[in-house]
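Enquirer: Take this structure, written in structure tokens, and hold onto it; I'll ask about it next.
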Amino acid sequence: MSEQRFPRRGRVIGHQAFWVLWGGQLVSLLGSTAASFALGLIVYAETGNVAVLALITGVSTFGSIYLAPVCGAVADYFDRKPTALFCNVALALVASILAWIAYLGVGERVPWLLGLVFVSALFNTGLSVTLAASVRELRSEANLTRVNGVTSLLENGPIVAGPLLGAAIYAFLAPALIFVLDASTFLLCALVVLFVRWPPRPATGRTLRLRPFAGAAAGLAHIWRERDLRTLQLSFAGVNLFNGLAIAAMTAFVVSASTEGKDAWNLAAVNVAGALGLLLGSVIVFALATRVDRRWLIAGGVVCGALVGRLLLVVTVIPVIWVLAYTVRNLCVQASNAPLTAIWQERVPKDIQATVFGARRLMGQGLYPLAVLVGGLLGAGALNDSAAVEWVLTTIGLAFAGVDSGITAVILIAGAGELILGLVLLTSKALRKLTHAPEPSEDDSDPAKARTNPAPT
């Protein structure tokens, strides 16, 4: 909202609500990352079955990606505050039940565990799209890139501390206490939401009906109608596809190329480096948000991430270079994500943002799980058995002892694909247009005026 039409006292309250709300989320995410880390340890320790771990990951992915448009449509039907409150309370309840299961022992309770993970993924998705949609209601800046740099910094901080906290409680206290802690942080966040003064949503002059699947379809249709947004999202669907291809191969490369006895330490080092890279990326976005064209942050991040985070990784077996590659890779990912989110917050009508953000997640990440599977199969099968691939890698000096040729080939293919898409984005007219903040619309300047956009149904 413009400062002329947004009273100073209301504007200050809106900004205070933003800081208090995201401060609560920081605490909540710390508990969630600790619980997520502990869940894998508990399940594997009590079942000894890798397939159960994979099944838990698959169930969580299904809920968080493929049902995101439905969650977004439901979130848009209700006001932001009660939606965030309900999701936090529901997640606290799920975490409490997980604590009880952890106390009793997983054993034959795996089906219950899978159901709880699925429900947790749904409410987490609903909460995340609600919070993303609320940024534009709580902040009045024309360019929201810097604000998203702050939110990403708060979101990524627990990635480093959460697993350490989870490991400490798991080792020295009781595993069930980790989920008790998680439930407590969700309840704390619910209290924060309850007492925050949330700005009223603008009147739309229409009645929305709660039709989740039709609303999800409307969110996808909205993106498809907007040519520039469609082009942008399809480009990042390709980036995520190549990213998925390389995930398993990068882990396999670090482990297999490490000297004997150093594989676990090297893998831990690159994972920590990746987490730190996300934090550094958030800091860089915060510092450069108003100084650098967002096109360079978004497309440049993809190009740099492909060159350093992918291609540099496989040209050497020096662990220090791997750490650098992982750090720069995730730094670039964050440099792209924050301004990209700002573009969607600025361009999508406020009252359907959760719906569109859910549809955006599906379009951008829908192929990711499949790509992870395909990348693993190619690295261990077709490309690894190819004499031509072996000859090419030997010729260019990228055939290392202990590293399967298919693993290196998959990373190179993924890096090349990301590099090409990054260069395409850098020259894209759609991205050039979208990186300039739009002029305030009527509903931004006067909340009493109704939108003329068609309602999601």
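The values are calculated or read from the model by the stated rules, or taken from the named source; none is laboratory data. For clarity, every value in this text was computed on a predicted model and none was experimentally measured. Neighbour counts are summed over all protein chains in view; Cβ atoms, including those assigned to glycine, are modelled from backbone coordinates with ideal geometry. To get the accessible areas, we keep the full protein, side chains included, count just its heavy atoms, and leave off ligands, DNA and RNA. Shrake-Rupley method; radii C 1.70, N 1.55, O 1.52, S 1.80 Å.
Enquirer: Which one of these is within 24 Å of residue 427 (Cα to Cα), among the hydroxyl-bearing types (Ser, Thr, Tyr) and crowded, with 19+ Cβ neighbours inside 10 Å: 327, 355, 341?
Expert: The match here is 341.
Enquirer: Test residue 130 against the criterion of being of a type in the set (S, T, N, Q), closer than 22 Å to residue 72 by Cα, in contact with a Gly (Cβ under 9 Å, 6 or more places away or on another chain) and open to solvent by less than 40 Å² (accessible area, probe 1.4 Å), and give yes or no.
Expert: yes
Enquirer: If you scan segment 217-229, which residues turn out to be more than 16 Å from residue 436 (Cα to Cα) and open to solvent by less than 60 Å² (accessible area, probe 1.4 Å)?
Expert: Correct list: 217, 218, 219, 220, 221, 222, 223.
Enquirer: Looking only at segment 291-301, decide whether some residue is open to solvent by less than 40 Å² (accessible area, probe 1.4 Å) and either on the phi > 0 side of the Ramachandran plot or touching a Cys at 6+ places or on another chain (Cβ under 7 Å) (or both).
Expert: Scanning segment 291-301 turns up at least one residue that is open to solvent by less than 40 Å² (accessible area, probe 1.4 Å) and either on the phi > 0 side of the Ramachandran plot or touching a Cys at 6+ places or on another chain (Cβ under 7 Å) (or both).
Enquirer: Could you please tell me which pairs satisfy a Cβ distance under 6 Å, a separation of 6+ or placement on different chains, a first residue in segment 126-146 that is on the phi < 0 side of the Ramachandran plot and aliphatic (A, V, I, L, M), and a second residue that is part of a loop (DSSP other than H, G, I, E, B) and open to solvent by 10 Å² or more (accessible area, probe 1.4 Å)?
Expert: 142/437
Enquirer: Looking at residue 21 and the list (1) in contact with a helix residue (DSSP H, G or I) (Cβ under 6 Å, 6 or more places away or on another chain); (2) open to solvent by less than 30 Å² (accessible area, probe 1.4 Å), which single condition is not satisfied?
Expert: (1)
Enquirer: Follow-up question, since we're still on this one. What single numbered condition from (1) within 30 Å of residue 284 (Cβ to Cβ); (2) at pLDDT below 80; (3) out of contact with any Phe, Trp or Tyr (no Cβ under 8 Å at 6 or more places or on another chain); (4) open to solvent by 60 Å² or more (accessible area, probe 1.4 Å) fails to hold for residue 153?
Expert: All conditions pass for residue 153, except number (3).
Enquirer: Among 188, 122, which is the only one that is closer than 20 Å to residue 73 by Cβ, at pLDDT 75 or above and open to solvent by 40 Å² or more (accessible area, probe 1.4 Å)?
Expert: The unique qualifying residue is 122.
Enquirer: Within segment 133-150, restricting attention to residues that are within 20 Å of residue 88 (Cβ to Cβ) and not hydroxyl-bearing (Ser, Thr, Tyr), which residue is surrounded by the most Cβ atoms within 10 Å (Cβ to Cβ)?
Expert: Residue satisfying both the conditions and the ranking: 133.
Enquirer: Of all helices (runs of 4 or more DSSP H) completely enclosed by segment 40-147, which ones contain at least 3 residues that are within 28 Å of residue 350 (Cβ to Cβ) and not basic (Lys, Arg)?
Expert: 68-77, 80-104, 110-138
Enquirer: Additional query: Any residue in segment 221-243 that is outside any helix (DSSP H, G or I) and more than 17 Å from the chain's Cα centre (by Cα)?
Expert: yes
Enquirer: Now for a different question. Scan segment 252-283 for residues that are open to solvent by 60 Å² or more (accessible area, probe 1.4 Å) and either in contact (Cβ under 8 Å) with a residue 12 or more places away in the chain or in contact with a Lys or Arg (Cβ under 9 Å, 6 or more places away or on another chain) (or both) and report the count.
Expert: 6
Enquirer: Can you spot a residue in segment 105-117 that is of a type outside the set (Asp, Glu) and out of contact with any helix residue (DSSP H, G or I) (no Cβ under 9 Å at 6 or more places or on another chain)?
Expert: yes
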